[in-house]
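The values are calculated or read from the model by the stated rules, or taken from the named source; none is laboratory data. These figures come from a predicted structure and were not determined experimentally. Counting neighbours? That spans all protein chains shown, and the Cβs are built from the backbone with ideal geometry, glycine included. Please note that ligands, DNA and RNA were not included when accessible areas were found on the heavy atoms of the full protein model with its side chains. Shrake-Rupley method; radii C 1.70, N 1.55, O 1.52, S 1.80 Å.
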Amino acid sequence: MPDEAVAQLGHDLYTYWERYRGCFRTRTRDTSVQAYTYLRGQLTMEDARNYANIDRRLKGGDGQSLQHFMTDSPWRAQAVFEQIQADLCARPQLSAGGVLILDESADEKAGDHSAGAARQYNGRLGKVDLCQVATCLAYAHPARGVWTLVDGELFLPHVWFTKAYADLRREVELPAARVFETKPQLGLKMIRRVKAHGLPFERVACDDLYGRGSAFRAALDADDIRYAAEVPANTRVYLQPPIVGVPRRRHPSGRAPTRGKVLSEHQPRQVGRLVYSLRTHWRQVTVRQAERGALEADFAIHRVWTLTDTLQVCEEWLVIRRDLDERLTFILLNDPADTPEDVLIQASCQRYFTERTYQDAKTELGWDDFQARKYRAWEHQLALTAATLWFVASTKLTWQQQYARDPELLHQLEVNVLPALSTANVRELLQAVLPVPQLTPTQARHLVVHHLVNRSRSTRSRLKAQREHNDSS
């Protein structure tokens with residue numbers, strides 16, 4: 001990694017932003033400079049990356065213009081995702097081998113006045129809690145070590161569409177076009193959206209929240225999309241093709257059956273029970289070479305048949321994974337019957353990259369620092385976080401091409417795999433060429449005075465409201 005590559009990094013960020021400027025122009029204004037400020041803040045600041053702090057630290061402002069840009073400006077968040085997808089399509093080395101990963105991410109909330117906030121399941125905490133839930137689509141290319149977000153939707157619980165939430169919907173400016181959609185419905189919409197934009201990917205991977213729905217898997221199959229979908233241990237499968245049809249009339253005088261059912265005698269089995277079946281044959285496989293050594297697990301494969309809610313018969317592969325800590329994972333895939341086992345096993349292990357994506361977005365880029373209430377602000381925050389993720393990923397991808405690794409290093413360092421650049425590494429290099437400015441004493445004094453005046457005005461408004469309330473009483 002030569003010095004000129006690091007020195008060029010600040011210019012690379014500026015050039016990257018220029019490619020996205022059109023996403024932030026509205027009918028009457030060009031607010032794209034605020035996007036550059038926000039991107040730079042996410043990449044160079046260490047904590048408290050909210051609107052006020054980013055604007056204060058980078059520009060000496062009070063945060064109002066940046067807050068307006070994020071909360072009220074009508075630029076389309078989807079335009080940013082579309083540009084990210086176009087960038088991915090333009091990279092020849094990503095034309096094959098990519099994977100879409102559908103997953104969700106929850107953020108705790110102190111109150112229920114933020115868009116989508118409600119008591120719902122928080123996967124990170126493993127319990128029902130007051131939180132917001134993002135349903136997101138990540139893109140990963142395992143061979144290139146690339147991962148980023150390519151789409152996302154805020155999940156809105158059903159309660160948000162009740163009459164009791166009418167005022168709150170207006171307060172957070174929820175679009176009238178939004179209707180209740182389940183997480184699998186949101187996921188399917190996003191997958192079809194990126195497919196329509198031409199994003200190249202070989203399959204969709206998802207956890208059992210999405211995989212348990214036979215209708216979701218059938219919809220992907222109908223769209224000619226390969227999937228590797230985790231399912232719960234109680235999922236029922238057939239080890240032989242079930243015969244489905246309308247049964248014959250048992251008695252001449254009885255009513256003729258009209259509803260279909262399984263006519264064959266063999267019974268479905270829970271996938272969790274197959275772990276102990278004599279028909280299950282295990283083999284140990286190295287999943288991947290990690291920096292901590294080879295990651296190994298036991299795998300077993302069955303050809304199975306499942307039924308949708310409408311009794312449509314689906315032929316699938318079942319891959320059972322047993323980790324060294326005895327944790328079991330069950331994955332259904334819709335690959336052809338002649339697919340080699342090694343392909344199925346590798347395809348069943350690609351959800352790993354969703355953890356890397358969310359860790360970078362939250363820990364390294366400050367997605368966790370988001371506090372705004374409005375729906376549009378949530379969309380804008382996610383879109384810019386995705387743009388920042390892709391800048392890091394594209395930088396690593398470019399440097400892979402330009403600066404080859406020394407093959408002798410593996411031998412010298414006595415390791416099986418050389419570590420790749422992390423998001424934290426790229427941020428450290430960028431901080432060196434784009435350091436966060438230090439406020440002068442005069443700037444700091446003006447900001448403090450401005451902040452105190454705003455606090456006084458807020459207090460005055462509350463006192464006025466209290467007096468009006470008391471007078472009306």
Exercise. For region 1-26, enumerate the residues that are in contact (Cβ under 8 Å) with a residue 40 or more places away in the chain and farther than 30 Å from residue 406 by Cα.
Key: 19, 20, 22, 23, 24, 25, 26
Quiz prompt | Of residues in region 23-59 being over 21 Å from residue 437 (Cβ atoms) and within 24 Å of the chain's Cα centre (by Cα), the one surrounded by the fewest Cβ atoms within 10 Å (Cβ to Cβ) | solution = 23
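Of all residues in region 105-129, how many are hydrophobic (A, V, I, L, M, F, W, C), in a strand (DSSP E or B) and crowded, with 16+ Cβ neighbours inside 10 Å? Steps first, answer last, please.
At the first step, the residues of region 105-129 found to be hydrophobic (A, V, I, L, M, F, W, C) are 106, 110, 115, 117-118, 125, 128.
Okay, now just the ones that are also in a strand (DSSP E or B), so 106, 118, 128.
Narrowing the set further to residues that are crowded, with 16+ Cβ neighbours inside 10 Å leaves 106, 118.
The qualifying residues number 2.
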Quiz prompt | Complete set of residues in region 347-387 that are of a type in the set (S, T, N, Q), in contact (Cβ under 8 Å) with a residue 12 or more places away in the chain and over 18 Å from residue 115 (Cβ atoms) | solution = 348, 350, 354, 357
Self-check item: Qualifying positions in region 351-388 - within 18 Å of residue 288 (Cα to Cα) and either among the acidic types (Asp, Glu) or in contact with a Pro (Cβ under 6 Å, 6 or more places away or on another chain) (or both)
Solution: 355
Quiz item: How many residues are farther than 15 Å from residue 58 by Cβ and either at pLDDT 90 or above or touching a helix residue (DSSP H, G or I) at 6+ places or on another chain (Cβ under 9 Å) (or both) if we restrict to region 15-46?
Solution: 13
Quiz item: Within region 62-75, can you find the residues that are open to solvent by 20 Å² or more (accessible area, probe 1.4 Å) and either in contact with a helix residue (DSSP H, G or I) (Cβ under 7 Å, 6 or more places away or on another chain) or acidic (Asp, Glu) (or both)?
Solution: 62, 65, 67, 72
Practice problem: Could you please tell me which pairs satisfy a Cβ distance under 6 Å, a separation of 6+ or placement on different chains, a first residue in region 327-341 that is touching a residue at least 40 places away in the same chain (Cβ under 8 Å) and closer than 17 Å to residue 205 by Cα, and a second residue that is open to solvent by 10 Å² or more (accessible area, probe 1.4 Å) and of a type in the set (Ser, Thr, Tyr)? | Solution: 331/348
Quiz item: Looking at region 157-188, which of the residues that are open to solvent by 70 Å² or more (accessible area, probe 1.4 Å) and assigned to a helix (DSSP H, G or I) is nearest to residue 129 (Cα to Cα)?
Solution: 158
Quiz item: Within the set of pairs 6+ apart or on separate chains, which have a first residue in region 193-217 that is part of a strand (DSSP E or B), a second that is modelled with pLDDT under 95, and C-beta atoms under 6 Å apart?
Solution: 205/350; 205/351
Quiz prompt | Of all residues making up region 209-244, the number that are open to solvent by 50 Å² or more (accessible area, probe 1.4 Å) and closer than 15 Å to residue 184 by Cα | solution = 4
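With 306, 329 as the choices, which residue is within 24 Å of the chain's Cα centre (by Cα), polar (S, T, N, Q) and more than 30 Å from residue 68 (Cα to Cα)?
On the way: 306 fails: within 24 Å of the chain's Cα centre (by Cα).
Among 306, 329, only 329 is within 24 Å of the chain's Cα centre (by Cα), polar (S, T, N, Q) and more than 30 Å from residue 68 (Cα to Cα).
Only residues that are over 20 Å from residue 350 (Cα atoms) and either in contact with a helix residue (DSSP H, G or I) (Cβ under 6 Å, 6 or more places away or on another chain) or of a type in the set (Lys, Arg) (or both): list them for region 86-103, please. Give the derivation first.
Initial filter on region 86-103 (over 20 Å from residue 350 (Cα atoms)): 86-87, 89-92.
Of everything in region 86-103, just one residue is over 20 Å from residue 350 (Cα atoms) and either in contact with a helix residue (DSSP H, G or I) (Cβ under 6 Å, 6 or more places away or on another chain) or of a type in the set (Lys, Arg) (or both), namely 91.
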Quiz item: Has region 90-101 got at least one residue that is more than 18 Å from the chain's Cα centre (by Cα), assigned to a strand (DSSP E or B) and surrounded by fewer than 14 Cβ atoms within 10 Å (Cβ to Cβ)?
Solution: no
Quiz item: Can you tell me which of 343, 392, 415 is closer than 23 Å to residue 288 by Cβ and open to solvent by less than 50 Å² (accessible area, probe 1.4 Å)?
Solution: 392
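Here are 284, 289: which of them is in contact with a strand residue (DSSP E or B) (Cβ under 8 Å, 6 or more places away or on another chain), free of Cβ contacts under 8 Å to residues at least 24 places away in the same chain, surrounded by fewer than 15 Cβ atoms within 10 Å (Cβ to Cβ) and not in a loop (DSSP other than H, G, I, E, B)?
Details: 289 fails: free of Cβ contacts under 8 Å to residues at least 24 places away in the same chain.
Just one listed residue meets the conditions, 284.
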Exercise. Name every residue in region 190-208 that is under 16 Å from the mean Cα position of the chain (by Cα) and surrounded by fewer than 15 Cβ atoms within 10 Å (Cβ to Cβ), in order of residue number.
Key: 192
